[in-house]
Amino acid sequence: MLDTTGPADVAGVRQLARDGLLAGSAAAARPRALARLRGGVYTVAWPLVFTRITKPMEHRRRHADCARGLEWLRPDCLDRFHDDVEAVVDHALRRATSPIENLEGWLATRLTPATVDAHRRRRGEIGALQRPRLPAWLAGALGGDPWLCDLAVQILVWVGVPATAGAELWPLDGWAARRAEVTGEPATRDALDREVDRVLTAMRTRPAWHAEHVERPLGHKQAPVAPMPAELPALELVGEHELADARLAGLAEQALRAIETRLNRGEAPAAAVTTVVRTVFGGRAPDTTARDDWLAAALANQERLAGIVTTVLAILDR
């Protein structure tokens, strides 16, 4: 029998896998030996998880920084990564019962079922729907509106994830970008607030269902951080120009998603870019008078507009 005491032993784990003894050894191992086995599988699994699950997911979220490497992952993204690796390790130590010559190759085939099953199990433990889908009665209560129905699913997904939205209950910024994807139109936070309230009102028409699948999982989230009292002056950690840049970056994200939705519907690039850029940036940024004048002039000039369209299409990799 392989000695499984001491630090993680990747070579020993590979040998157990080749002999078809990995799962059996884990089941019979004492705590120290089990920790060593877990460490060995973890060492093999984490690069696969990052390359095949974490990195593509961060690209889809447009977290370019997180996709660069482990040291760049934001705290909530890092938590998701560790959860996924632990899920793969648990799966391997339960399911590796037959001889496995290529441990990496075998793990690669098990990444999706392992992480999906673990994700659903964690959701179910707190009352959230394991596979959030829109009930027919809720779709009817929302009048079948495509965006409101999509928002209802986003709410059902959100209540079951451990992440928080800072000082807010709902991730409105992310949903604003999602709204742009679905409808091709941006929305103000006030309008989005009203839409969330409308969906929640429809959900509350089934009180028991709402209590079990919305209120109960929400109760497991960390409470939002309370804002500073209004009478205290805000501590400015960055300059006004940096805040303005951050606001513009957020608007740019919404604009890109809205443009991409319109392009997917077959709209001409110049028309999609002109409509969305004028809607998103017109009068919504610092020094709006000067910016509006510049924007109107740029969109009216065919050569400058062509340059803007080319830049946008390059960003979207179209």
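For segment 38-52, does any single residue satisfy the condition of being of a type in the set (D, E, K, R), more than 25 Å from PHE81 (Cβ to Cβ) and out of contact with any Asp or Glu (no Cβ under 8 Å at 6 or more places or on another chain)? Checked against the condition, which is being of a type in the set (D, E, K, R), more than 25 Å from PHE81 (Cβ to Cβ) and out of contact with any Asp or Glu (no Cβ under 8 Å at 6 or more places or on another chain), segment 38-52 yields no hits at all.
Here's the yes/no breakdown for (1) part of a loop (DSSP other than H, G, I, E, B); (2) out of contact with any Gly (no Cβ under 8 Å at 6 or more places or on another chain):
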{"residue": "VAL157", "(1), (2)": "no, yes"}
{"residue": "PRO162", "(1), (2)": "yes, yes"}
{"residue": "TRP170", "(1), (2)": "yes, yes"}
{"residue": "GLU181", "(1), (2)": "no, yes"}
{"residue": "ALA191", "(1), (2)": "no, yes"}
{"residue": "GLU195", "(1), (2)": "no, yes"}
{"residue": "ARG198", "(1), (2)": "no, yes"}
{"residue": "ALA211", "(1), (2)": "no, yes"}
{"residue": "ARG216", "(1), (2)": "no, no"}
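The set of residues in segment 36-50 that are under 11 Å from VAL89 (Cα atoms) and surrounded by fewer than 22 Cβ atoms within 10 Å (Cβ to Cβ) comprises ARG38, GLY39, TYR42, THR43, VAL44, TRP46.
Quick grid of which residues meet (1) aliphatic (A, V, I, L, M); (2) free of Cβ contacts under 8 Å to residues at least 40 places away in the same chain; (3) closer than 30 Å to ARG204 by Cα; (4) open to solvent by 40 Å² or more (accessible area, probe 1.4 Å):
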| site | (1), (2), (3), (4) |
| --- | --- |
| ALA92 | yes, no, no, no |
| ALA118 | yes, yes, yes, no |
| ILE126 | yes, no, yes, no |
| LEU134 | yes, yes, yes, yes |
| LEU142 | yes, no, yes, no |
| ILE155 | yes, no, yes, no |
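Checked against the criteria, ARG74 does not count as on the phi < 0 side of the Ramachandran plot and at pLDDT 90 or above. Scanning segment 200-209 for residues that are open to solvent by 80 Å² or more (accessible area, probe 1.4 Å) and either aromatic (Phe, Trp, Tyr) or not in a helix (DSSP H, G or I) (or both) yields ARG204, THR205, ARG206.
Of the residues screened, PHE81 is one that is farther than 22 Å from TRP175 by Cα, touching a Ser or Thr at 6+ places or on another chain (Cβ under 9 Å) and among the aromatic types (Phe, Trp, Tyr). Against the numbered list (1) surrounded by 14 or more Cβ atoms within 10 Å (Cβ to Cβ); (2) modelled with pLDDT under 85, ARG110 comes up short only at (2). Can you confirm whether SER25 is hydroxyl-bearing (Ser, Thr, Tyr), surrounded by 19 or more Cβ atoms within 10 Å (Cβ to Cβ) and either touching a strand residue (DSSP E or B) at 6+ places or on another chain (Cβ under 8 Å) or more than 26 Å from PRO162 (Cα to Cα) (or both)? Here the answer is yes, as SER25 does meet what is asked. Looking at GLU71, is it among the acidic types (Asp, Glu), over 22 Å from VAL161 (Cα atoms), surrounded by fewer than 16 Cβ atoms within 10 Å (Cβ to Cβ) and free of Cβ contacts under 8 Å to residues at least 40 places away in the same chain? Criteria met by GLU71.
Return the residues of segment 80-90 that are within 12 Å of the chain's Cα centre (by Cα) and open to solvent by 10 Å² or more (accessible area, probe 1.4 Å); say none if nothing qualifies. Listed by number, the list holds a single entry, ARG80.
Working only within segment 177-191, note down all residues that are in contact with a helix residue (DSSP H, G or I) (Cβ under 6 Å, 6 or more places away or on another chain) and of a type in the set (Gly, Ala, Ser). Result: ALA177, ALA180, GLY184, ALA187. If you go through segment 271-301 and keep only what is exposed (fewer than 15 other Cβ atoms within 10 Å of the Cβ) and at pLDDT 80 or above, you end up with just ALA271. Is it the case that some residue within segment 80-103 is of a type outside the set (Ser, Thr, Tyr), at pLDDT below 90 and on the phi < 0 side of the Ramachandran plot? Yes, there is a match, as at least one residue in segment 80-103 is of a type outside the set (Ser, Thr, Tyr), at pLDDT below 90 and on the phi < 0 side of the Ramachandran plot.
Is at least one residue of segment 102-123 within 19 Å of the chain's Cα centre (by Cα) and under 21 Å from VAL196 (Cα atoms)?
No - not one qualifying residue is present in segment 102-123.
The values are calculated or read from the model by the stated rules, or taken from the named source; none is laboratory data. Remember, it's a predicted structure, so these values are computed and weren't measured experimentally. Because the Cβ atoms are built from the backbone with ideal geometry, glycine has one as well, and the counts that use them run over all protein chains shown. For the accessible areas, the whole protein counts, side chains as well, though only heavy atoms, and no ligand, DNA or RNA atoms are used. Shrake-Rupley method; radii C 1.70, N 1.55, O 1.52, S 1.80 Å.
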